[in-house]
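**Student:** Please read through the structure below; I'll follow up with questions.
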Amino acid sequence: MAVTTTDAVLLRAHAYGETSRVLRFLTRDRGIVGVMARGVRSTKRGHGLATFASGRLTLYHKATRDLQTYKEFAVVSPRRGLGTDPLRLAAASVLADLVLRHGGDAEAGDLYDALAGALDRLEGTPPAAIAGVLLREGWGLVAELGYRPELQRCPLCGRELAPDEMGRFDFSQGGVRCADCATGGEGPRIGPGARLQVGALLAGAIPDDLERPRAHLQLLSDFITYHVAGSRPLDTFRILAALLPPEAT
Ligand SMILES: [Zn+2]
């Protein structure tokens, strides 16, 4: 058993017995790590163990077991602002859920930096802008995980889509089918405007005309369900959708 210390962000915590917690972190050196933190509910050892906080995690590591043993978490960035608004909290939970569901125990430096940056940006976002920021950060993490969709070229025939062409998302191909190949596809239709918007979000920009984010959130949720979550949508998307203000029709 080795003592090891790594950068970590706490993604989820649940009570275990009277005094302990099971914690799930994304770590820089070991990807997703679960730890059993004994006694932290009753002593000051548990101070700072707030969801979405990041810092330096020290644990006793043994390769053959699922849950490692907690030693210490020295918080660097508590991110308390994420919990001050229900919608912001729900958006942060979607990002955490996406990373947790993807899993993996390999070194995860780029993913770690992407998630930490996304949570920092979300923390500073006013409620009215949260849906747009979540879409940008969500597509950014999807791309970081290796599932960036192809929006310009039809994955079936290889033809470049015209600027005004109606296409159809094909999740299994990771792209948008052209109008000629759209028949028989099962994914949602996507018009030229929405296709441009997804492209902008993937490039790190939030389009000015993103007035009705629900359809975009549904698309992101469906894409994540297909590629990452494995047939069942992330519960956190449903919670987020229930908190969004209604859209004019
Ligand atoms: Zn085609």
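Values quoted throughout were computed directly from the atomic coordinates according to the rules given, and no laboratory measurement underlies them. Only a predicted model underlies this, so the values are computations on that prediction, with no experimental measurement involved. Note: ideal-geometry Cβ built from the backbone for every residue, glycine included; neighbour counts use all protein chains shown.
**Student:** Can you compute the modelled spin-label distance between Q173 and D235, with each label point 7 Å from Cα toward Cβ, in nm?
**Tutor:** Placing both labels 7 Å beyond Cα along the Cβ direction yields 3.6 nm.
**Student:** Related question: Could you list M36, M1 in order of exposure, starting from the residue whose Cβ has the fewest other Cβ atoms within 10 Å? Write down the numbers at each step before the final one.
**Tutor:** On the way: M36 17, M1 12.
Fewest to most other Cβ atoms nearby, the residues stand as M1, M36.
**Student:** Here's something else I'd like to know. If I model a spin label at M1 and A205 as a point 7 Å from the Cα along the Cα→Cβ vector, what separation in nanometres do I get?
**Tutor:** With each label point 7 Å from Cα toward Cβ, the separation is 5.4 nm.
**Student:** Rank-order 203-216, 106-119 by packing density, defined as the average count of other C-beta atoms within 10 Å over each peptide's residues, highest first.
**Tutor:** On the way: 203-216: 13.6, 106-119: 17.7.
The densest-packed peptide leads the list: 106-119, 203-216.
**Student:** May I ask for the net charge around L11, where only other residues with Cβ less than 11 Å from the Cβ of L11 are counted and Lys, Arg are +1 while Asp, Glu are -1? Please report the intermediate quantities before stating the final value.
**Tutor:** Numbers: positive: R12, R24, R101; negative: D97.
Summing Lys/Arg as +1 and Asp/Glu as -1 gives +2.
**Student:** Highest mean first, what order results for 16-27, 134-145 on Cβ atoms within 10 Å? It would help to have the intermediate numbers written out before the result.
**Tutor:** Numbers: 16-27: 18.6, 134-145: 21.9.
My ranking of the peptides, most packed first, is 134-145, 16-27.
**Student:** Also, I was wondering about something else. What is the extension gain from R148 to R121, computed as 0.36 nm multiplied by their sequence separation minus the C-alpha to C-alpha distance, in nm to one decimal?
**Tutor:** Working: separation 27, 0.36 × 27 = 9.72 nm, distance 2.09 nm.
Value of the extension gain: 7.6 nm.
**Student:** Can you tell me the alpha carbon radius of gyration of the chain divided by the globular rule-of-thumb value 2.2 N^0.38 Å?
**Tutor:** Working: Rg = 19.8 Å, N = 249, 2.2 N^0.38 = 17.9 Å.
In units of the 2.2 N^0.38 Å rule of thumb, it is 1.11.
**Student:** How high is the FRET efficiency from S42 to D105, r the C-beta distance, R0 35 Å, rounded to 0.05? Write down the numbers at each step before the final one.
**Tutor:** On the way: r = 30 Å, r/R0 = 0.85.
My answer for the efficiency is 0.70.
**Student:** Also, I was wondering about something else. Sort 122-132, 225-235 for me by packing, meaning the mean count of neighbouring Cβ atoms within 10 Å per residue, highest on top. Kindly include the intermediate steps, with their values, before the conclusion.
**Tutor:** Details: 122-132: 16.6, 225-235: 14.7.
Packing proxy ranking, top to bottom: 122-132, 225-235.
**Student:** Could you state the orientation-averaged shadow area of the convex hull built on the Cα atoms of region 158-247, in nm² to one decimal? Write out the running numbers ahead of the final one.
**Tutor:** Values: hull surface 27.0 nm².
Across all orientations, region 158-247 yields a mean hull projection of 6.7 nm².
**Student:** Just going by the charge dipole of the chain, with Lys and Arg at +1 and Asp and Glu at -1 on Cβ, which of P78, A215, L151 is farthest out on the positive end?
**Tutor:** The residue sitting farthest along the positive end of the dipole is P78.
**Student:** Another question, if that's okay. Once the Cβ-Cβ distance between L243 and R65 is put in as r, and R0 is 35 Å, what FRET efficiency do you end up with, to the nearest 0.05? Spell out each step's value before the answer.
**Tutor:** On the way: r = 38 Å, r/R0 = 1.07.
Plugging the Cβ-Cβ distance into 1/(1 + (r/R0)^6) gives 0.40.
**Student:** What is the projected area of the convex hull of the Cα atoms of region 2-78, averaged over all directions, in nm²? Spell out each step's value before the answer.
**Tutor:** Numbers: hull surface 17.7 nm².
Computing the convex hull of the Cα atoms and averaging its projections yields 4.4 nm².
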